Amino acid sequence: MRPIGVFDSGVGGLTVVRELIRRLPHEDIVYFGDTARVPYGIKSKETVIRFSIENILFLLKHKVKFICVACNTVSSFALPEIKNHFRVPLVGVIAPGAREAVYATRNKRVGVIGTKGTIRSRAYENEIRQLDPGVRVTGAACPLFVPFVEEGWLKGEVVRTVVRHYLQPFKTAGIDTLILGCTHYPLLKPVIKEVMGSGVTLIDSAKQVAIEVNEILAGEGLLQKTGKGRHQFFVSDNPEWFSSLAGRFLGRTVRNVRKVNNV
C-alpha cells in the first residue's frame, strides 16, 4: 500500500495529518517536518523552492502516491513553480481554502489571517479573485498566534485580548467568512469563533485539503478502503521537541519520531 506524503516546515502541518486520519483512516501517511530550517516565512522565494524540492524528493523515497504541501508559505511561493515538475499529484493548502471561502461567503467579503509571508504573498487573495472577482478580500498577519499555539496558550484573557486586537479590522470590514491561513490556527478556533461571533464562517484549510485528497484519490482509484493506516513521522532536527508538540496537534501521543540527517 503506497502512503500519502505530507510535508511542512515544522509541526503545523500536523493539523492536515489530523484531518487526513479522520477522513482517510485506512491510508498510510508519511510526514516530514523540516524542523532544522523552520521558519520558511522569512526565507527568499528561491530558498523556499529549493527546500520544497528537497522535501518532495525525500517523500518520494517512501514511494508516496500523493503529496500534501501542508505549509502556507510553500503553497504561496513554491507550489505554482514546482507542481508541474513531478509526476506525483501535489496539493497545497491555498486553493482548497480559497474555494471553500468563495462557496461559503454570502456578502462577498472574506477575511484571511496568516503569517506575514503568507499575507504579503496575497496568494489567497489572488486565488479568490480568480474564482470570483466580485469577492472583497481583507488580509492581516497574526504573528503571535504561532508562538501561542506552540506554547500551549490556547485560551485565557491574554490570548483573547491579542485575538481581539488582530481581528478588529475584519469586524470593521464586515466579513462573513474568515480563512484560517496557517496550519497552527485551527487550534485557536474556539477563541477566534468567540471573538468573531456566530455570523462568521471559519474556513479551516486543513479540513478542505483532506476533502480534496479524498476526492482525488477516489477519482483515480487510489483510495485505500480497508485496514488501519500506519503513520510515520520524520524531522530534520530535534525530534524530542517535535514529539512534545505533536500530541497537541494530533490529539494523541506521537512516539518514534525519526531524525533525517540528509533530506
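Numbers at a glance
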read-out	value
Computed [θ] at 222 nm, helices only, for the chain once each DSSP H run of length n ≥ 4 contributes -39500 (n - 2.57)	-13500 deg cm²/dmol
Dipole of the chain, positive direction: furthest Cα of 32, 227, 47, with charges on the beta-carbon	227
Eligible lysines near residue 108 by straight Cα distance, threshold 17 Å, same-chain separation 8 or greater	171
Nearest 10 degrees, 0 to 90: helix 157-173 Cα axis against the chain principal axis	70 degrees
Under 12 Å from the Cα of residue 228 - aspartates and glutamates, other chains or at least 8 residues apart	27, 28
Angle between the chain longest axis and helix 239-250 axis [Cα atoms, degrees, rounded to 10]	60 degrees
Under 14 Å from residue 155, Cα to Cα: aspartates and glutamates that are on another chain or at least 8 residues apart	194
Choice from 140, 101, 70 showing the highest fluctuation, given a GNM over the chain with Cα pairs closer than 10 Å	140
Cα pair distances in the chain, grouped into 10 Å bins until the bin that holds the longest one, percent each	7, 32, 37, 20, 4, 0
Convex hull of the stretch 123-166 built on C-alpha atoms - directionally averaged projected area, nm²	4.0 nm²
P(r) histogram, all alpha-carbon pairs of the stretch 164-226 included - 5 Å bins from 0, percent	4, 16, 22, 19, 11, 10, 8, 7, 4, 1
Overall Cα dimensions of the stretch 30-76 - principal axes, largest extent first, Å	30, 20, 15
Rounded percent of accessible protein surface that carbon and sulfur make up, the stretch 143-259, 1.4 Å probe	52 percent
Student exercise, the chain dipole from Lys, Arg, Asp, Glu Cβ charges, in Debye to nearest 20	220 debye
Per principal axis, descending, Cα span of the stretch 89-135 in whole Å	28, 27, 15
Selection of trypsin sites (Lys or Arg not before Pro), the stretch 101-202, meeting DSSP coil and at most 10 other Cβ within 10 Å	106
The stretch 97-174: Rg to Rh, with Rh as the Kirkwood radius over Cα pairs	1.01
Among 205, 52, 244: highest mean-square fluctuation, GNM of the chain, C-alpha pairs under 10 Å	244
For the stretch 1-96, alpha-carbon Rg over 2.2 N^0.38 Å	0.99
Amide H contacts under 5 Å for residue 35, placed H, 5+ residues apart	236, 237
Values of log10 I(q)/I(0), in the order q = 0.11, 0.19 Å⁻¹, for the stretch 153-263 under a Debye, Cα-only, solvent-free model	-0.56, -1.09
Spacing of the two label points (7 Å from each Cα toward its C-beta) at residue 62 and residue 165, in nm	3.8 nm
Computed label-point distance, nm, for sites residue 103 and residue 223 using a 7 Å Cα→Cβ extension	1.5 nm
Potential extension, residue 46-residue 23 segment - 0.36 nm per residue separation minus Cα distance	4.9 nm
Among 213, 16, 162, residue whose mean-square fluctuation peaks in a GNM of the chain (springs only between Cα atoms under 10 Å)	162
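The values are calculated or read from the model by the stated rules, or taken from the named source; none is laboratory data. Just so it is clear, the model here is predicted, and its values are computed rather than measured. Cβ coordinates were reconstructed from backbone atoms using ideal geometry, including for glycine residues, and neighbour counts include every protein chain displayed. Note: areas computed on protein heavy atoms with side chains; ligands, DNA, RNA excluded. Shrake-Rupley method; radii C 1.70, N 1.55, O 1.52, S 1.80 Å.
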